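The values are calculated or read from the model by the stated rules, or taken from the named source; none is laboratory data. In this text the structure is predicted, and so the values were computed from the model without any measurement. When we count neighbours, we look across all protein chains shown, and the Cβ atoms used for this are built from the backbone with ideal geometry, even at glycine. Each accessible area value is taken on the protein alone, full model and side chains, heavy atoms only, with ligands, DNA and RNA left out. Shrake-Rupley method; radii C 1.70, N 1.55, O 1.52, S 1.80 Å.
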Amino acid sequence: MAHLAMATGFLLILIGAWGALTNRNLLRMIVAFTIADTGVNLVIIAVGYMRGRTAPIIDGAVSAADAVTRIIDPVPQALVLTAIVIGVGVTALMLAYTYRLFEKKRSLDIRDYTDLKG
Amino acid sequence: MSALYIIAVGLGSAFVLGMLNERQKNLGYVITLAALTVMSAISAQWLIIFAATGAHPIDIFTAGTQPPFAINLRMGVIESALTLLISLTGLLSAIHMGNALVARGRRAMAVLVIAIMALCGIVLTRDIFNLFVFFELIVIATGGMVLLSDDERAVSAGFKYLIVSQFISVLLLIGIIFAYHATGTLNIDGMAEQGASAFALAFFLMFIAVIAELKPFPANGWALDIYESSHPGFSAIFSAATGTAVLFAVDKLLLIGGAEWFPVASGVGIVTFVGANLLALPQTNDRRLLGYSSIAQTGLILTVLGQQDILGQNYLFIAGGLLLAHAVAKAGLYWLSDLVASRQLTAWAALKERPLLVFAFVTFVAMLCGLPPFPGFYAKWELAHALAAEGRMAMLALILFGALLEAGYLFRWFGYLIKRESDEKVVCSATQAIPVFAAVIAGWVLGFVWGELSVTRFGLNNLLLTLPLLFALSFLLIEWAPAWLKNTVAIGGMVAFFVMTYAEYDPLRLIFAVIFLIGGAITLLASYSAHGRRVGFYPAAMLMYAGMIMLIRTTDSFGFFAAWELLTVGSYFLILRGKESEPHALSYILFSLGGAFLILAGFALAASAVPPAPTFSLANLAALTAPVAPWVFVLLAVGFMTKTAAIGVHIWLPGAHAEAETDVSPMVSGILLKAGLYGLFVLLMAMGKQQLFGIELTHALLWIAALTALLGNLMAIFQEDGKRLLAYSSIGQMGYAVFGLALMNHLGWLMALMFVINHYIYKAMLFLSVGGVAKRTGTRDMYKMGGLITLMPLSFIATLIGIIAVSGVPPLSGFGGRWIFYNAIMTSDVRMPMVILFLAGPIAFLYLFRLIYTIFLGQLKDEFRRVKEAPFWIVLPQMIYVALLMIFAVFPGIALRRVDEYLNQFFPEGGLGWSGNEITSAYGYWNPVSIMIIICVIFGVLLAWLMFVDRKAQKVKQFNIVFSAEAPYRPETTHFAWNFFAPYRKALGFLVLPLATMFWGTITGLLHTGADIARRFYTGNGQTYAFHFLLFVIVAYAIRIGF
Amino acid sequence: MIKRFIALALVVAVGSVFATLLFGYTPDADLNLTARYYAERTAADLGAANIVTAIVVTYRGLDTLGEVTVLFLSASIVGLVLAKGTHAPHRTPVPVGELLTTGTRFLVPLILLLGVYVFVNGHLTPGGGFQGGAIIASGILLLLLADPLKHFSHSLISAIESLAGIFYVMIGLAGLFLAGGFLDNRILPLGTLGNLASAGAIPLIYSLIGLKVGAEFASILAALSETEEL
């Protein structure tokens, strides 16, 4: 189960990387990055899953005493929360940049933005 | 105050800034400055505590829980120093950007404060995921700061940065989570305890991602664009603060990875250092150039981090010195760039009018090149020694090569600043000046601190506490005074120092001391002829003399090397003052620094064989044995010969000496070259004869010296420019002196010392004479002069005495030198070099005659019929020299007798016998007094007879000659001066092909071409940079697996 | 063509690195060091039923503080970049569908309520400040879609953002003085496990975070929406 999720995550990352490397449209690159970010988050979640265990919440299903044997690793879930938010922040920033770039040159092609080089 | 407040204050003030409305910009600015000040103060407080008490680092827990179950921060001496650096950079940049920051609004200020806070967080945290979060904060903050630039292209630069950052974050996160899975903790120290071998691949991903943030070559195209287009206040932060924090992050990761990952860091670092410096060569945009330099320096520090295995705890001293020097200097230079409106390197000439800003620039360049007395110098010294001790000579060579490249483009830039013209006026407000001068002060203070540290840790010397250097630096304080006052202080100081210390020198060193100090004082007399304040002359000249006197006073290799670099720098500034000297000064500093690096390598290699205790004494050079000894010999000898301008490394000298100012040429030609000879003396005294691959090295020296003498003299005879002729003559004369040294016998050395004295006197005199003539006639081309004997009689007498002395004709001292020389040769067994040297002798006659004939004899030209004698202060030293030559000719024993006895300890046989006025050797005798008397009598008799015979002679006008039924009316047609030795050029011209110039020109050409090809790599397309990054990761991985 | 080939090669190479990680991966049989600690001690020490929340808010609170700052920074920069100031283009109203308008009026209050519920109960049930804030933001998005000309008061949003942030930092600092350390939640009484008013300061912090995140997302959405020329 964990392997399947992890493999999917890696696949998404590779798809995102491929998209970012081959698409010239800025917006498509940003979408590709979002896909890659999702893939990374999926991989993080997949690490820490243990067969036959349940969510790390102490309520009717799991009592405080047997939490140790009943819950999965809560740390990756906490990490992925942060990672998602950071991904959103960077995506928002990139979109704002794209808007500014488009305003100036009315082009969404990355090849048109090579004014600084060498 | 707990270090947590750094983070809390930063964040709190950022949120408060968010609450303000648009109109309260000034309030926002005050809050920003206050927050940054508080953060700096907390860091400073901790630094003082740790530095004063030497306490252990303390851990700061959060959430009331112990690590690794909660995040913890650590504050120690390193952390506090780094956070202080980061916060101060932020504060000073905020001050510098003042109006610009206020104009952009409170949100921009919030971005700045958060950026600084996050950088401090990277330094303080001990949790790997926390590190990631702070990294992402930096990415976003950088993206924000880049946007706040006036340059339209900054937006695309920021976007390229974000593209690559996305890839970096992906790899970093994957690495972190798999590392967590392997170790069960996210705490850096916890992971370090377990070691990275269990999760090597995950560690690789984390490591390479963090290294990529350092902008390694070649995966850094995006970084250059950011440096080029951002506001310089932000670029200062990127260069100084971000680089610092990320380097420390790499250090933390290396804690986890352990020794097997050091080579990766070293490899990436050295490629970056050399590559970035190479690519900087063709740059013309100042901020882009500074960007390449920043990347290069970061690469160098990364290399040092990777050499931790051999450096031990010293790596902090070395890395810290390099880091602080880089950060302070780069921030300062970026802040300075805000004052120059145009982005061309040559536009910086606008700063010329502001001596204080020029001084700031010089300080920063010196810090970057690792020149004494700044921290980089001590760091470089220790690094070289550590590398040599482990036999990592290839690494050392690469580092020195990269350093030479960096010195090249930085000094070329300085040349533009001083020598070019600019229409701009620099307007510098107080808020822009404060950070620059804070950086300057910080630089000098750090130099002092690193000096003190070097004393306690390595037993070296704090250069800022040596009297000669302090004396030189004190001239900076009296720069406002008129030149004659400073001249008097200089002369007085040098004479006083000599009087104080002359009893300490052995006879050999005493001669050098006399020439450097007393001789220097005499040449300074000529400087009285200058008017005004001569800003920049005295600190430079005194720096050179300080270096020279420290050279002969030191007994260990560190002092020697420090003195060598000091005199190189001082003389460079002096030479640069000449009107046309920009390219020549650059050539000079490059050859000199190249030689200095060879000397450094030689000393490091020597210390590796004979461990220093605590420093490597120069006398220990004698204790070296094969196989190290010959290599040390070669390295040191070539290094010294770049200063004496041996053939092959001589191309800088003619331009440098010829284009220098009138009173500078005697100093550099007459005195400075002797420093190289002194070095050779020390080397040969200690090491004697050495063999390398079966070649007797002193024989090789003989050949080089002989060729130098021959070719130097040969090139002199074809010169039209009087000072160039004298410069080539110096090359030739140095060849003679080195030959004498290389003979390795008693009389050879005596002759070399005699040369040292003689050459100083007559070369200084000749340069002053020609310089005086050039001043009055306005040209240095000899064929334009002629017949000046009647108008400038004193200069003529000086020149006449001078050329008699040079040629070695009796009765003057040159003859004595010749006599000793012939005796010396008789006792040695070299043949061919001797023949070459003999050939050089008559050739010298040719140029000497040309000199006096074309200038003083022959026909007086119309435009010079009214010239006066040279200024009094230029003539006075010449007359002093004439007197000295006469005295030395008649009583050579004054200087030579004690030296002759001193040399007995090296060469017991072959000395001279001194009895009364007569000097005997194994092959004959020499009585200078009787020679002088005889010649004077002959001269007197001939003169009297001539005057008697011609008493009824008729004065004839200049044009009272007729030939071929034509009467000339212009002096040019009767004065044969241009292309004087045309027949010789036809016959022997092939010997003076500019092979050396072509060789060195080809090398620099290749470097530039290489750089031009490489820079096309940086296409400007952000997607391409993503490709570069991934390729970088794959290649690094492949190499890592391979090993 | 060559570019695609190189891109493919690079992706394959990176993929092989991932494959190595994938095939070398074996899930743990038992909880590792830190997870075990959290499983055993969270309920007793912090009084929170949702262990992930306890980690996010308290144990790794510094990360969350950083994350919140990331959003703040993004929102600020987006606002800075896209600021139109007084040069907002004149926009004409556009008719949107009846379904959307009515649906919005019906759904938005429910969405906002759900969002508030999620972040207030973060310490008891799955969810928390970020999730709740995102839900609130989706409500805002729905509003914007229904009425593209809707104007949100930027000063109100900024005020919420900043005040929430300042309070968060102050609560964190209060932990230094009143409890064990920075961001320690034990400045307020822990109460009984499973109650709404339990887990010390966690519900308070998460509520602040929820408001802050909601405000920031709203700010970003509003800024992006105002760029549209209708």
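Here are a few things to note about the model shown:
- Taking all protein chains together and a 1.4 Å probe, the residues B:Tyr1025, B:Tyr783 rank B:Tyr783, B:Tyr1025 from largest to smallest accessible area.
- Average partner coverage of A:3-16, which counts Cβ from other chains inside 10 Å: 3
- Each Lys or Arg adds one and each Asp or Glu subtracts one; over the other residues with Cβ under 15 Å from the Cβ of B:Ala249, this totals -2.
- Rg/Rh for chain B (Cα atoms only, Rh after Kirkwood) is 1.03.
- Dipole check for chain B: with +1 at the C-beta of Lys and Arg, -1 at the C-beta of Asp and Glu, and the Cα centre as origin, the magnitude is about 2480 Debye.
- Under the simplified labelling scheme, the B:Lys689-C:Ser16 pair shows an inter-label distance of 6.0 nm, with each label point 7 Å from Cα along Cα→Cβ.
- Value of Rg/Rh across the range B:466-940 [Cα atoms, Kirkwood radius]: 0.95
- The range B:659-791: projected area of the alpha-carbon convex hull, averaged over directions, in nm²: 9.0 nm²
- The largest accessible area among B:Tyr902, A:Tyr97 belongs to the first residue in B:Tyr902, A:Tyr97, and the rest follow in falling order (1.4 Å probe, all chains).
- Our estimate of slack between B:Val628 and B:Gln905, defined as 0.36 nm per intervening residue step minus the Cα-Cα distance, is 97.2 nm.
- Theoretical FRET efficiency, 1/(1+(r/R0)^6), r = Cβ-Cβ of B:Leu1006 and B:Glu580, R0 35 Å, to 0.05: 0.85
- Scanning residues 5 or more positions from B:Leu460 or on other chains, those with amide H under 5 Å from its amide H are B:Val455, with H placed 1.01 Å from N in the peptide plane.
- When +1 charges are put on Lys and Arg Cβ atoms and -1 charges on Asp and Glu Cβ atoms, the dipole computed for the protein assembly as shown relative to its Cα centre reaches about 3440 debye.
- Mean-position separation - Cα centroids, the range B:981-1031 and the range C:128-150, in angstrom: 62 Å
- For A:Ile71, the amide hydrogen comes within under 5 Å of the amide hydrogens of A:Thr54, counting only partners 5 or more places away or on other chains and with H modelled in the peptide plane.
- Across q = 0.14 Å⁻¹, the range B:645-730 modelled as identical point scatterers on its alpha-carbon atoms has Debye log10 I(q)/I(0) values of -0.57, in the order of the q list.
- Exposed trypsin sites (Lys or Arg not before Pro) absent - longest run of chain B, DSSP non-H/G/I/E/B, at most 13 other C-beta within 10 Å: B:24-424
- For the peptide B:109-116, the mean number of other protein chain Cβ atoms found within 10 angstrom of a residue's Cβ is 2.
- Virtual paramagnetic centre 7 Å along Cα→Cβ of B:Phe437, amide N under 11 Å, in the range B:366-381: none
- Springs between Cα atoms under 10 Å define the GNM used for chain A, and in it the highest mean-square fluctuation of A:Leu26, A:Leu12, A:Leu93 occurs at A:Leu93.
- Segment B:Val610-B:Ser474, length gained on full extension (0.36 nm per residue, minus Cα span): 45.2 nm
- The distance from the alpha carbon centre of the range A:25-88 to that of the range B:803-872 is 89 Å, rounded to a whole number.
- Estimated [θ] at 222 nm from DSSP helical runs (n ≥ 4, -39500 (n - 2.57)) normalised by residues in chain B, nearest 500: -23500 deg cm²/dmol
- Average projection, convex hull of the Cα set of the range B:1-126: 7.7 square nanometres.
- The range B:94-242 - Kirkwood radius from inverse mean 1/r over Cα pairs (Å): 16.3 Å
- Globularity index of the protein assembly as shown, i.e. its alpha-carbon radius of gyration over 2.2 N^0.38 Å: 1.11
- For the range C:113-180, the ratio of Cα radius of gyration to the globular rule of thumb 2.2 N^0.38 Å stands at 1.41.
- Estimated Rh, chain A: Kirkwood, alpha-carbon pairs, angstrom: 16.7 Å
- Relative compactness, the range B:840-986, computed as alpha-carbon Rg over 2.2 N^0.38 Å: 1.56
- Rg/Rh, computed from the Cα trace of the range C:2-226 with Rh as the Kirkwood radius, has the value 1.08.
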